[in-house]
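**Q** Got a structure for you, questions after.
The values are calculated or read from the model by the stated rules, or taken from the named source; none is laboratory data. Note that this is a predicted model, so its numbers are computed, not measured. Positions of Cβ are backbone-derived with ideal geometry, glycine not excepted, and every protein chain shown enters the neighbour counts.
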Amino acid sequence: MSFQGLIFQDYVFYALAAILLFAGLRVITARNPVHAALFLVLAFFTAAGIWLLLEAEFLAIALVLVYVGAVMVLFLFVVMMLDINLDKLREGFWNYLPIAAFVGVLMAAEMAMVLGTQYFSAEHIIAPAPHPAGYSNTAELGRQLYTDYLLPFELASVVLLVAIVAAITLTLRDRKESKSMNPAEQVKVMKADRIRIVQMASFKEPEEESNTKEGA
Amino acid sequence: METLANLFGSYWPAIEITGWTLIKIIAIVIPLMLCVAYMTLAERKVIGYMQVRIGPNRVGYFGLLQPIADALKLLFKEIILPTASNKYLFFLGPILTIAPAFAAWAVVPFDLNLILADIDAGLLYILAMTSVAVYGVIIAGWASNSKYAFLGALRSAAQIVSYEIAMGFALVGVLMCANSLNLGKIVLAQSGGIFQWYWLPLFPLFIVYFISAVAETNRAPFDVAEGESEIVAGFHVEYSGMSFAVFFLAEYANMILVSTLAALMFLGGWLSPVSNIPDGFLWLLAKVGFLLFFFLWFRATFPRYRYDQIMRLGWKVFIPITLLWIVVVGGFMQTRFAYLFH
Amino acid sequence: MNAIQTDLITALPELSVLCMAMFILLLDLFLKPGNRILIYIFAQLTLLGAAYLTVNTHTTTVSYAFNNMFVHDPLADILKLMMYLATSIMLVYTRSYLSLRGMFRGEYYALVLFALLGMMIMVSGAHFLTLYMGLELLSLCLYTLVALDRDNPLATEAAMKYFVLGALASGMLLYGMSMLYGATGSLELASISNALLNGSIDKPILVLGLVFIVSGLAFKLGAVPFQMWVPDVYQGAPTAITLLIGSVPKFAGFALVIRILTQGLPVLAIDWQGMLVIMAVLSIIIGNITAIAQTNLKRMLAYSTISHIGFLLFGFMSASLNGFASAMFYISAYVLMALAGFGMILLLSRKGFEAENLDDLKGLNQRSPWAAFLMLIVMFSMAGVPPTLGFYAKFTVLQAALQAGFIWLVVFAVLMAAIGAFYYLRIVKLMYFDEAQQHTPIAAPFEMRLILSINALALLGLGLWPQPLMDICAYAIGSSLQ
């Protein structure tokens, strides 16, 4: 490919792809797990950029919103609180390297074999026609999800429900030593429950006053 | 221009677009910074009056030059880098806080056709940008290598993630009514006077959105991430000088942003409340100012929430309310009362 | 509007199970601990209702719904009915076990019903997406159920292993599906099949995709070389959950193989036949040999499952309607045996004691001759001793393989079955010829004893009169696969 033939989008793509590759590489090579998680965030962000280039703006933004904005935040939350002994984690790295390298190379070779066939060549896969001006990726996706893909979509919601049930089942326990309070109960507290107003004469005899002073 | 165009040949269109966009960005950012500066003054004045004080009144007329003086002071202060901190991330924190706060403005329409990038999924874009802002706080808290900063970062992360859900659901109601994710179209869908604005049919969502917005910006009474009295200053305890000022800037820019969004989505944006008065940018400004006043008012009025109560409010109160109201809206849309929600 | 209504009516049993599962979740919130039995009753009623709906909507023709993602055919109906029955029996067996161990909670029943829903979706899947979603729904429920006994470190470890390996298997399955999607341009089984028939698609992609799909399937079924999770999970999970994992999901696994391999990829039959042959042979060898060395009953039954899966694959590898019908017969027989086998462990367990070691069975005849007799039938059936159901199941499967020309493999399988009989008969020896080490009377609710007796006797009865079950399987396969 000649350098002159590149258009602006191509430059953006190559820049993003380079960042993405770098970030992805650093995810697995960074020594500090927090750094690795942050590089993963960068990778997500850059991947979203590439999707934007492909005019899939809903997916791109959803990737940022869901993965970067929520999932990775919680991930970082956990990783930051972990006290990971890196040396122990890296123990046996060299022992496992040969077999891991073998599997990795094999997978790469298989992928090359598949991607190298004519079915994935640029001639075989025709670039999709550009969309008309009023085309909304988001609306189209919504229409597809609620018509053609209704069943898997609803099933996904059931899977999420089960995930919630599972998480709560496995973690929620009523601890006796917990000091949490029920705000509804707190709000319901009336003045009369907490203080007792005692009616007393506002004026006291002077000799009594001197007595209390001595007592104090 | 002509000679420049010839010089760059086929690249000229791209350069031209980039140049114009940069100019537009500057045209948005500079007034925004000024707004932020005077927002701090307004805050001190308003809270001052609420507490029967005068507030800053020494620098310039009524203290009008006070923000400039503050900025100069912060600029000249030394930036201290804690020895045990993570150098790169320590400076990445403030940058990551301020960048999304500004980037989100790209899709905000100030008037009919007065917008930097009129994209279809504008609302989603803003949600995504505001959700990214939490990284600044987390990274700052972690990179400082300090207990208080870290506690603040954790609190902030949990709080922002929790309230984002309620906020997102509140916006789902809006986009159901407006049938669009484009902010301009959402505003136009509300045209026809104050009773056509979405604050009325979506009143519960409006309230939830606004309170969540206060929580999202870590403002009082949801400012447990800073919590001066318990964790000193939370995530930015180790920052000084300009790096601290950037956090400050981002907080106020975010306040203005969420107020603008509330104005656009629930109060009809640049539309005038009565149909025979012309619409315009000034209306948006007035509405945003009105909403911003609430932020100051809250800060002067409410004591800080306890952390578990914040979580309870977000998860057990706001999310159910928004879900319920979405069902109500969706249900009504199937009946002959659908016009109420359009 | 009308299209969606017919779609929803087609999926009526699924919808009813879904609604009831959610209802049970809500009900649990408002029930007092003493009234939990209501949840159990509702779960059983759900199964009954779903069975009623399935029978009522049954047709002998094949119809599609939800944009060809959901298939409604006799095979799906019959497998669903079998699953309701197996789930119902499982619920009967596990009730007292769970309540004695503090696991008798609403979530258990909700998760079981959600798992059932996932399996029903898998059985009716005609699209990679639905099949995968159903599989994930099932798996997620099972992972949670294994870890349900939270303070048991063994169960937690089992859940973790199950989860990690299961996720890996799902990944492999998806990877294979994505390759087929890339090659054929469709996720729908019928159009994939058509594309393979018509097009001249590059073989390497298809075979590579097939390898990943078959590996994923083997993982889920527990066939060698993807069997490593089976023993740990079977042993580590609470026995009630082992009973669930070891029984009902096998139907779903069977359906998954039928849908993907025989309905989606019949053109590649030559390729997957070869893979299945290897896995079948390895499963039978490793399952049977390793089982001999086990002292833990649950672990031994896990290895026995692996060898049974090997026999099941014998039915598939003939790639004929007859073979599939015999595989279906085998899986039904196996589920019935597994229910009875793990049911016996539950019967012998009591509060604070798990009858999971072989020694716990010693002298069972002295303690309870009836229980020992039931166990005898179960063990004979698993070993394949005539005239039990297990014998007939092995017989039909091997016959199908013989017809397909795998003579040496059949001879080998018979030999291995004879070796496998050793460890089943060892249990019989322990029960009848050894001295009892404990004399605690067996305490179990009446309905559990009754159902367990019927279940074990059915192994004998169906072995003597296998024809009705065989006819049902032949009908299901014959009218659903062309």
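**Q** Do we find a residue being part of a loop (DSSP other than H, G, I, E, B), farther than 30 Å from C:Y84 by Cα and free of Cβ contacts under 8 Å to residues at least 60 places away in the same chain anywhere in the range C:384-400?
**A** The answer is no; no qualifying residue exists.
**Q** Let me ask another. Which number in (1) surrounded by fewer than 20 Cβ atoms within 10 Å (Cβ to Cβ); (2) touching a residue at least 24 places away in the same chain (Cβ under 8 Å); (3) assigned to a helix (DSSP H, G or I) marks the one condition that C:A418 misses?
**A** With respect to (1) surrounded by fewer than 20 Cβ atoms within 10 Å (Cβ to Cβ); (2) touching a residue at least 24 places away in the same chain (Cβ under 8 Å); (3) assigned to a helix (DSSP H, G or I), C:A418 is out only on (2).
**Q** Can you tell me which residues in the range B:293-309 are touching a helix residue (DSSP H, G or I) at 6+ places or on another chain (Cβ under 9 Å) and modelled with pLDDT of 85 or more?
**A** Correct list: B:F293, B:F294, B:F295, B:L296, B:W297, B:F298, B:R299, B:A300, B:T301.
**Q** Can you give me the number of residues within the range B:155-195 that are under 30 Å from A:V79 (Cα atoms) and crowded, with 18+ Cβ neighbours inside 10 Å?
**A** Of the residues in the range B:155-195, 14 are under 30 Å from A:V79 (Cα atoms) and crowded, with 18+ Cβ neighbours inside 10 Å.
**Q** Those residues that are modelled with pLDDT of 90 or more and farther than 18 Å from C:L15 by Cβ, I need them from the range C:40-63; list them, please.
**A** Across the range C:40-63, the qualifying residues are C:Y40, C:I41, C:Q44.
**Q** Under the condition of being in contact with a helix residue (DSSP H, G or I) (Cβ under 7 Å, 6 or more places away or on another chain) and facing chain A (nearest Cβ under 10 Å), which residue from the range C:146-156 is farthest from C:A11 (Cα to Cα)?
**A** By that ranking, first place goes to C:R150.
**Q** Give B:S240, B:S259 a once-over and let me know the one that is within 21 Å of B:P201 (Cα to Cα) and of a type in the set (S, T, Y).
**A** Result of the check over B:S240, B:S259: B:S259.
**Q** Within the range C:150-186, track down each residue that is in a loop (DSSP other than H, G, I, E, B) and either polar (S, T, N, Q) or buried (at least 21 other Cβ atoms within 10 Å of the Cβ) (or both).
**A** Those that are in a loop (DSSP other than H, G, I, E, B) and either polar (S, T, N, Q) or buried (at least 21 other Cβ atoms within 10 Å of the Cβ) (or both): C:N152, C:S186.
**Q** Return only the number of the condition from (1) in contact (Cβ under 8 Å) with a residue 24 or more places away in the chain; (2) surrounded by fewer than 20 Cβ atoms within 10 Å (Cβ to Cβ) that B:L282 does not satisfy.
**A** (1)
**Q** Still on this structure, please answer the following. Would you point out the residue of the range B:136-154, among those that are more than 7 Å from every other protein chain (Cβ to nearest Cβ) and surrounded by fewer than 24 Cβ atoms within 10 Å (Cβ to Cβ), that is nearest to B:Y209 (Cα to Cα)?
**A** Going through the qualifying residues, I end up with B:L151.
**Q** Mind counting the residues in the range C:104-145 that are under 18 Å from A:L172 (Cβ atoms), more than 10 Å from chain A (Cβ to nearest Cβ) and of a type outside the set (S, T, Y)?
**A** 1
**Q** Here is a follow-up. Go through (1) loosely packed, with under 12 Cβ neighbours inside 10 Å; (2) in contact with an Asp or Glu (Cβ under 8 Å, 6 or more places away or on another chain) one by one and return the number of the condition C:S479 breaks.
**A** Single failed check for C:S479: (1).
**Q** Separate question: What are the residues in the range A:129-156 that are at the interface with chain C (Cβ under 10 Å from one of its Cβ atoms) and either under 21 Å from the mean Cα position of the chain (by Cα) or farther than 30 Å from C:T6 by Cα (or both), if any?
**A** Matches in the range A:129-156: A:F153, A:A156.
**Q** Checking B:E238 against (1) surrounded by 22 or more Cβ atoms within 10 Å (Cβ to Cβ); (2) modelled with pLDDT of 80 or more; (3) of a type outside the set (A, V, I, L, M, F, W, C): exactly one of these is not met. Which one?
**A** Result: B:E238 passes all but (2).
Results for (1) away from every other protein chain (no Cβ under 14 Å); (2) surrounded by 15 or more Cβ atoms within 10 Å (Cβ to Cβ), shown as yes or no for each residue.
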{"residue": "B:A27", "(1), (2)": "yes, no"}
{"residue": "B:M39", "(1), (2)": "yes, yes"}
{"residue": "B:V46", "(1), (2)": "yes, yes"}
{"residue": "B:V52", "(1), (2)": "yes, no"}
{"residue": "B:L64", "(1), (2)": "yes, no"}
{"residue": "B:A69", "(1), (2)": "yes, no"}
{"residue": "B:G93", "(1), (2)": "no, yes"}
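**Q** Let me ask something additional. State whether the residues of the range A:44-54 include one that is free of Cβ contacts under 8 Å to residues at least 40 places away in the same chain, at the interface with chain B (Cβ under 9 Å from one of its Cβ atoms) and assigned to a helix (DSSP H, G or I).
**A** Yes: one or more hits.
**Q** Let me ask another. Taking the options B:V288, B:V274, B:V328, name whichever one is outside any loop (DSSP other than H, G, I, E, B), over 30 Å from B:G48 (Cβ atoms) and among the hydrophobic types (A, V, I, L, M, F, W, C).
**A** B:V328
**Q** Does B:F169 qualify as being among the aromatic types (F, W, Y) and touching a residue at least 12 places away in the same chain (Cβ under 8 Å)?
**A** In short, yes.
**Q** OK, next. Are any of the residues in the range B:256-277 of a type in the set (A, V, I, L, M) and either within 14 Å of another protein chain (Cβ to nearest Cβ) or surrounded by fewer than 19 Cβ atoms within 10 Å (Cβ to Cβ) (or both)?
**A** Yes - at least one qualifying residue is present in the range B:256-277.
**Q** May I pose another question? Can you go through B:V274, B:V288, B:V329 and tell me which one is modelled with pLDDT of 85 or more and over 22 Å from the mean Cα position of the chain (by Cα)?
**A** On inspection, the qualifying residue turns out to be B:V329.
**Q** While we're here: What single numbered condition from (1) surrounded by 12 or more Cβ atoms within 10 Å (Cβ to Cβ); (2) away from chain A (no Cβ under 14 Å) fails to hold for C:Y64?
**A** That leaves (2) as the condition not met.
**Q** Follow-up. Residue under question is B:A99, and the condition is that it be under 15 Å from the mean Cα position of the chain (by Cα) and either among the aliphatic types (A, V, I, L, M) or at pLDDT below 85 (or both); does it hold?
**A** yes
**Q** Could you check the range C:1-114 for helices (runs of 4 or more DSSP H) lying wholly inside it with 1 or more residues that are more than 28 Å from C:L346 (Cβ to Cβ) and touching a Leu at 6+ places or on another chain (Cβ under 7 Å)?
**A** In the range C:1-114, C:2-10, C:12-30, C:37-56 are the helices (runs of 4 or more DSSP H) which contain 1 or more residues that are more than 28 Å from C:L346 (Cβ to Cβ) and touching a Leu at 6+ places or on another chain (Cβ under 7 Å).
**Q** Related question: Suppose we filter B:Q190, B:Q159 for residues that are at pLDDT below 85 and farther than 25 Å from B:W315 by Cβ; which single one remains?
**A** B:Q190
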